[in-house]
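Here's the structure we're looking at; comments come further down.
The values are calculated or read from the model by the stated rules, or taken from the named source; none is laboratory data. All values derive from a computational prediction rather than experimental measurement. Ideal geometry is used to build each Cβ from the backbone, glycine not excepted, and the neighbour counts take in all protein chains shown.
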Ligand code: ADP
Ligand code: ADP
């Protein structure tokens, strides 16, 4: 069974803007899916609905079999989200940041698990550093560690390389590849074909609210 099942998903905002139209998609455990599309295509709306933060006007999303609207808490516990708008407490330490985040999900403390997450993101040596002391790339990895703090099955990264320089972009690509090796399911958005090809196993092209095509990476490289 797919970990995420999206059926006929549509969203028209109160303003009248049609952001998504009849999107149907299965996402499988362990895969990395990139949603590729220009600004305004509906990528953030797709993520916000799938994470249960925005209510669709049509269709359904199930995560781990749980409807994200009707069974929000159960679905949300399976989801980690790194939103585009980021905010963290710069005076807090890395380990406390992820502990706090885990607590928000009502999960019992588990430093052994959190230290494993920090190790997988090459942050373990910085566990007691304050966020303000970290490089830009490290701060971004802390955001991923926060999103993984409650042990989700799927991780959403909304434009993980927006506004970062080329070195940091390459670093992020490496981070995502390492997550794949650990079997984390990742859904990320981007407006760069190159980036989608670099990170994803499968690419969905979204334009003006419609999912135009979904291709395995190999097929995509053949077509473009
Ligand atoms: P993307 O992430 O691909 O840039 P978005 O999902 O952010 O696309 O936006 C899709 C469309 O929905 C755009 O036209 C955007 O202006 C509109 N939109 C996004 N959020 C809202 C909102 N809260 N209210 C009204 N319109 C919105
Ligand atoms: P600058 O002054 O050049 O923006 P910063 O140290 O503030 O330098 O930011 C460097 C990197 O850290 C950027 O990639 C930015 O996206 C990221 N960053 C900045 N503020 C935050 C924050 N509150 N939480 C997480 N990452 C942040």
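If the condition is being in contact (Cβ under 8 Å) with a residue 40 or more places away in the chain and either more than 16 Å from ligand 1 (Cβ to nearest atom) or part of a strand (DSSP E or B) (or both), then the range 201-224 contributes 201, 202, 203, 204, 205, 206, 207, 210, 211, 214. Identification of helices (runs of 4 or more DSSP H) wholly contained in the range 41-143 with 2 or more residues that are within 15 Å of ligand 2 (Cβ to nearest atom) and within 21 Å of the chain's Cα centre (by Cα) yields 94-104.
This table checks each residue for (1) farther than 30 Å from residue 5 by Cα; (2) at pLDDT below 95.
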{"site": "115", "(1), (2)": "yes, no"}
{"site": "149", "(1), (2)": "no, no"}
{"site": "155", "(1), (2)": "no, no"}
{"site": "165", "(1), (2)": "yes, yes"}
{"site": "173", "(1), (2)": "no, yes"}
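Note on the range 138-175: among residues that are within 16 Å of ligand 1 (Cβ to nearest atom) and touching a residue at least 60 places away in the same chain (Cβ under 8 Å), the one that is nearest to residue 28 (Cα to Cα) is 156. Residues in the range 1-26 that are more than 15 Å from ligand 1 (Cβ to nearest atom) and surrounded by 22 or more Cβ atoms within 10 Å (Cβ to Cβ): 4 only.
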